[in-house]
Amino acid sequence: MKIAMIMLAAGNSRRFGGNKLLYEVDGMPMYLHALEQLRKAKESLQEDLTELKITVVTQYEEIAKTAQAQGIQVLFNPHPELGISSSIKIGLNANTDADAQLFTVSDQPWLSWRTICELIREFQNSEKGIACVSYQGKMGNPCIFRKKYYEELSKLEGDRGGKKVIMKHPEDTQIIEVSDERELKDIDYKL
């Protein structure tokens, strides 16, 4: 199975009051936590999958340079003001050859590579078209979608992400419970 892991890193961080993705959490920029966890998940799963690819969608030069230096595909979002859907579409359109695409945000610095691996393995072992993580019934990121949902994802608008597609197809969604609520915590304000 060929899976593209798309890291969405183009937000304007309006509530944060600056570029939160460059804000240091536990000694490194927030986005770097997410990128490192994707890289570790890729290393761990490489044997299980036909192909696993990481793509970063950003508007920030620093994030792009770091990802490119690691051999990761970088796509620029020229209109991040259009919301998360614009980044989803950019990542989606660049990876249409993948059997499935996983989308994750870069403001969850405590998401672990083990959780990403579990999500992908559970998704592969299920017949479901969608899988996402949850903590006590509250869904979060990352989420993964089979090819049959690419068209619906491409029609998202504004700050509406994949949750809109998930809510339309609960019967085709595999939920993976995480044990630590912190993993799914988005940082919207300075700590």
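Just so it is clear, none of the values below were taken in a lab; they were calculated from the coordinates. Because the structure is predicted, anything quoted here is derived from the model rather than measured. Cβ coordinates were reconstructed from backbone atoms using ideal geometry, including for glycine residues, and neighbour counts include every protein chain displayed.
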Computed helical MRE - 222 nm, the chain, DSSP H runs ≥ 4 contributing -39500 (n - 2.57), nearest 500: -9000 deg cm²/dmol
Counted charge near residue 175, where neighbours are those whose Cβ lies closer than 10 Å (Asp, Glu -1; Lys, Arg +1): -1
Whether the range 83-129 is rounded, prolate or oblate, judged on the alpha carbon gyration tensor where a/c under 1.5 counts as rounded: oblate
Those lysines that a straight Cα-Cα span of less than 17 Å connects to residue 128, excepting residues fewer than 8 apart in one chain: 2, 147, 148, 163, 164, 168
Relative contact order for the chain, counting Cα pairs under 8 Å that sit 6 or more residues apart, in percent: 27 percent
Extreme residue, positive dipole direction of the chain, given options 44, 79, 68 (C-beta unit charges): 79
Net charge of neighbours whose Cβ lies under 13 Å from the Cβ of residue 33, counting Lys and Arg as +1 and Asp and Glu as -1: -1
Distant-in-sequence amide H partners of residue 143 (H built 1.01 Å from N, under 5 Å): 103
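State whether the range 51-140 is rounded, prolate or oblate according to the following rule on the C-alpha gyration tensor (a ≥ b ≥ c being the square roots of its eigenvalues): a/c under 1.5 gives rounded; otherwise a/b larger than b/c gives prolate, and the remaining case gives oblate. Spell out each step's value before the answer.
Numbers: a/c = 1.62, a/b = 1.53, b/c = 1.06.
In terms of gyration-tensor shape, prolate.
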Karplus-derived 3J(HN,Hα), 6.51/-1.76/1.60, for each residue of the range 103-117, Hz, glycine and proline x: 10, 9, 9, 9, 10, 10, x, 9, 5, 9, 5, 5, 5, 4, 4
Relative contact order %, the range 77-178, counting alpha carbon pairs below 8 Å whose residues are six or more apart: 38 percent
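Which value, in debye to the nearest 20, gives the size of the charge dipole of the range 1-144 about its Cα centre, when Lys and Arg are +1 and Asp and Glu are -1 at the Cβ? Each step should come with its number before you reach the end.
Details: 14 positive and 16 negative charges, 62 e Å.
Computed about the Cα centre, the dipole is about 300 debye.
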